[in-house]
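The values are calculated or read from the model by the stated rules, or taken from the named source; none is laboratory data. Predicted, not measured: the structure shown is a model, and the values here were computed from it. No Cβ is skipped: glycine too gets one built from the backbone with ideal geometry, and neighbour counts run over all protein chains shown. Heads up: the accessible areas ignore ligands, DNA and RNA and are worked out on the full protein's heavy atoms, side chains in. Shrake-Rupley method; radii C 1.70, N 1.55, O 1.52, S 1.80 Å.
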Amino acid sequence: MYRDALHPAPLLPLQVEAMALLEGLKLARGKGVKLAECCSYVISVVNQVNMFSWPFAEEGKIIFKIKEELQKHDLSSIIFSPRSANNVAHVLARRALDIPESCCWGFPLPSWLLYEVSIDLI
């Protein structure tokens, strides 16, 4: 994944995961979703968000924005959840690699997504 024409260097996996979390928080707020908690399976992102300070590395800016967005949801931290606890998120992330633009599903959900959710609930 590349940033943009001005910053063509590839992003690090940690940066991509942090950006995905930030965009998810923004999307939830924009849709009026009230979060009770926020989870991520990327322990390094969880640890950095939950620290009282933030790193000076490139992802530090993203972590700071995540903290700001969490406050808008009346949350102050995120919880680590192993990837095995949310296979649907992993499936969606893999599918996102093949989608050229943003998309949002309403009801009814696509049948492949309903299938993945039903498997995850077992």
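Solvent-accessible area of Tyr115, all protein chains in place: 130 Å² (probe radius 1.4 Å, heavy atoms, ligands and nucleic acids excluded). Rolling a 1.4 Å probe across all protein chains gives Ser118 an accessible area of roughly 60 Å². Segment Leu35..Cys103, full-extension length gain: 22.4 nm, with 0.36 nm per residue of separation and the alpha-carbon distance subtracted.
Averaged over residues, the count of other Cβ atoms within 10 Å places the peptides 25-33, 94-102, 13-21 in the sequence 13-21, 25-33, 94-102, highest first.
Give me the percent of accessible area attributable to carbon and sulfur for segment 33-119, probe 1.4 angstrom.
About 60 percent, which is the carbon plus sulfur part of the accessible surface.
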